[in-house]
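*Asks:* Below is one structure. I have some questions about it.
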Amino acid sequence: GVRILGAITPLFIAPSQNLVHPYVGWQPDLPPLKPNPAEVAAVLDVPLQTLLNPSTQAMYAWQRDGQSLTAPCYRVGKADIWGATAMILSELLTIIRGLEA
């Protein structure tokens, strides 16, 4: 029941050694979600208009091996969307902005 709209650029995720091939699809109704608790900390339901708002863009900071690191993120409420998810969303939002222009 999902209408595939197109592909987004494949993304290699170095820490997990995974190559992700994201696709964008459309489905009129959200099906029941059954996330694997070992892989998914939380499911966020975020409208595209929220992500398109520049005020959601921020920097995520964390420590690894004694080093301070930062990366672009989308801050939605108390959640920070960063890493590969933020990179994929960034490309999707760039495509949407181009369609709106």
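The values are calculated or read from the model by the stated rules, or taken from the named source; none is laboratory data. This one's a predicted model, so the numbers in the text were calculated from it and none came from an experiment. Virtual Cβ from ideal backbone geometry, glycine too; neighbours counted across all protein chains shown. Protein only, heavy atoms only, side chains kept; ligands, DNA and RNA dropped before computing areas. Shrake-Rupley method; radii C 1.70, N 1.55, O 1.52, S 1.80 Å.
*Asks:* Please list, ordered by first then second residue, the pairs with beta carbon atoms under 8 Å, 6 or more apart or interchain, first in the stretch 1-29 and free of Cβ contacts under 8 Å to residues at least 24 places away in the same chain, second among the polar types (S, T, N, Q) and loosely packed, with under 10 Cβ neighbours inside 10 Å.
*Replies:* none
*Asks:* Could you identify the single residue in GLN27, GLN57, GLN49 that is of a type in the set (S, T, N, Q) and farther than 23 Å from CYS73 by Cα?
*Replies:* GLN27
*Asks:* Out of the stretch 57-87, which residues are touching a Leu at 6+ places or on another chain (Cβ under 7 Å) and either among the charged types (D, E, K, R) or open to solvent by less than 40 Å² (accessible area, probe 1.4 Å) (or both)?
*Replies:* TYR74, VAL76, ALA79, ILE81, ALA84
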